[in-house]
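Please see the structure below; I have some questions.
The values are calculated or read from the model by the stated rules, or taken from the named source; none is laboratory data. Treat the numbers as computed from the prediction; the structure is a model and nothing was measured. With ideal geometry, Cβ positions are generated from the backbone for all residues, glycine too; neighbour counts draw on all protein chains shown.
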Amino acid sequence: MNVKDFDFELPQELIAQDPLEDRSSSRLLVLDKKTGEIEHRTFRDILSYLRKGDCLVINDTKVIPARLFGVKEGTEAKIEILLLKRRENDIWETLVKPGKKAKIGTVITFGDGLLTGTVVDIVEEGNRLIQFSYEGIFEEILDRLGQMPLPPYITHQLKDQTRYQTVYAKHEGSAAAPTAGLHFTKDLLAEIEAMGVAIAHVTLHVGLGTFRPVKVDEIEEHHMHSEFYIVDEAEAKKVNDTKKNGGRIVCVGTTSCRTVESASTDDGVLKAGSGWTEIFIYPGYRFKTLDCLITNFHLPESTLVMLVSALAGREHVLNAYEEAIRERYRFFSFGDAMFITDLHEGAVPDVGEQNGDGNQVGDGNQFGDGNQFGNEAGERTEK
């Protein structure tokens, strides 16, 4: 398949620049993965689409303040780095800007010497391996010196850093948020659990590779970057018990989807464990575990549009995106949500005020300025 098959025209003003004050008040486009039918709701209406016996799978990774500003020792030249992947012995794989100033042996200081990094190697795509030295706890120093690595299409300053974290974020390690989860509040999750829906936690530390553009014409030739995931035994049991009892597996975000699909056997049994995944899901892929997906609206020609097209069909997805653009949905990390499901599998809810063809019509878009890291950091994710 050609990458251009996943292209669409998106007006710039529909790129959400700021999160809504109330996380769960985002709009929700519901897409039937088999028929392409569309319904327009608000995110809280997800309660009407979930059923007792389902299992909601959430990614509890936590974004680290991975964007650091330092100076090159000896010249005082300014250098910006983005932490991508933790290695051993305080070594991190990083993006460096400008890269030409970071040759092997270069020493960079941060926070008046609170943190020092030495470039020890240059690896794939020019990424630098930097070994850090410091006194104390690295994460605490990072909290003091680092900034949230917002995607480049967000140009507004984020006033509250917690708004780029899910309310259930727990395990630090991501360079970008699993953004489908940003719509949930603690109260909404409690209501979902009270319905008899199991909530399973998995962890996938989101790397920027997920959101980098596909640079080949034929998508089959694209190579995904690896990301680290963890599935605990108790959480795998929740998913497997749900499948065994006839319930649906509803993944929150593409990161949760890729985790369960990576860790599942061909017959749909989720295995506990941890490891690195390079799974690339595009049309033709047979889902082993996932039944439904809660996701955001993604970048044209991105691997994430390809993933949702694998679940609902490319034509259905692109048609839904056209509809979302007509209805002025908000796109990308701080934007609105989509629920991909089978509307005719069980009762269809009757929620809200509908128009003649069964769709509730809403409005709302918001845009507007902030931190970005060059053009390397793409969308976010989930993530």
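Here is a yes/no grid of residues against (1) closer than 30 Å to N240 by Cα; (2) surrounded by 22 or more Cβ atoms within 10 Å (Cβ to Cβ); (3) touching a helix residue (DSSP H, G or I) at 6+ places or on another chain (Cβ under 9 Å):
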site	(1), (2), (3)
N2	no, no, yes
E9	no, no, yes
I15	no, yes, no
D32	yes, no, yes
R44	yes, no, yes
D60	yes, no, yes
A66	no, yes, yes
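When the range 161-196 is examined, which residues are found to be aliphatic (A, V, I, L, M), more than 30 Å from E124 (Cβ to Cβ), in contact with a Leu (Cβ under 9 Å, 6 or more places away or on another chain) and in a helix (DSSP H, G or I)?
The answer is L188, L189, I192.
Okay, moving on. Condition (residue is at pLDDT below 95, at negative phi and within 20 Å of the chain's Cα centre (by Cα)) applied to the range 66-78: is it met by at least one residue?
Yes, there is a match, as at least one residue in the range 66-78 is at pLDDT below 95, at negative phi and within 20 Å of the chain's Cα centre (by Cα).
Against the conditions (1) of a type in the set (D, E); (2) more than 29 Å from D18 (Cα to Cα); (3) not in a helix (DSSP H, G or I), where does E125 fall short? Just the number, please.
(3)
Here's another thing I want to ask about it. Look at the range 141-151 and say how many of its residues are over 15 Å from the mean Cα position of the chain (by Cα) and in a loop (DSSP other than H, G, I, E, B).
In the first step, residues of the range 141-151 are kept if they are over 15 Å from the mean Cα position of the chain (by Cα); the result is 141-147.
Now narrow it down to the ones that are in a loop (DSSP other than H, G, I, E, B): 146.
Total meeting the criteria: 1.
Still on this structure, please answer the following. Please go through the range 108-122 and pick out each residue that is of a type outside the set (D, E, K, R) and either surrounded by 14 or more Cβ atoms within 10 Å (Cβ to Cβ) or part of a strand (DSSP E or B) (or both). Spell out how you get there, then give the answer.
The initial filter retains those residues of the range 108-122 that are of a type outside the set (D, E, K, R), namely 108-111, 113-120, 122.
Correct list: I108, T109, F110, G111, L115, T116, G117, T118, V119, V120, I122.
Here's another thing I want to ask about it. Taking the stated definitions as given, is A190 over 16 Å from L82 (Cα atoms) and surrounded by fewer than 21 Cβ atoms within 10 Å (Cβ to Cβ)?
On the way: over 16 Å from L82 (Cα atoms): yes; surrounded by fewer than 21 Cβ atoms within 10 Å (Cβ to Cβ): yes.
Yes, satisfied.
Name, by its number, the condition in (1) in contact with an Asp or Glu (Cβ under 8 Å, 6 or more places away or on another chain); (2) of a type in the set (A, V, I, L, M); (3) outside any helix (DSSP H, G or I) that does not hold for L293.
Among (1) in contact with an Asp or Glu (Cβ under 8 Å, 6 or more places away or on another chain); (2) of a type in the set (A, V, I, L, M); (3) outside any helix (DSSP H, G or I), the lone unmet condition for L293 is (1).
Being within 15 Å of the chain's Cα centre (by Cα) and part of a helix (DSSP H, G or I) is the filter here; which residues of the range 296-314 pass it?
Matches in the range 296-314: T303, L304, V305, M306, L307, V308.
Separate question: I need the full set of residues from the range 315-331 which are under 11 Å from L10 (Cβ atoms) and assigned to a helix (DSSP H, G or I), in order please.
Result: Y321, E322, A324, I325.
Another question about this same structure. Here's a check for you: in the range 290-340, which residue that is polar (S, T, N, Q) and buried (at least 24 other Cβ atoms within 10 Å of the Cβ) is nearest to T162 (Cα to Cα)?
At the first step, the residues of the range 290-340 found to be polar (S, T, N, Q) are 295-296, 302-303, 309, 319, 333.
Checking which are buried (at least 24 other Cβ atoms within 10 Å of the Cβ) leaves us with 295-296, 303, 333.
On the way: T295: 20, N296: 19, T303: 27, S333: 14 Å.
Among residues in the range 290-340 that are polar (S, T, N, Q) and buried (at least 24 other Cβ atoms within 10 Å of the Cβ), the one nearest to T162 (Cα to Cα) is S333.
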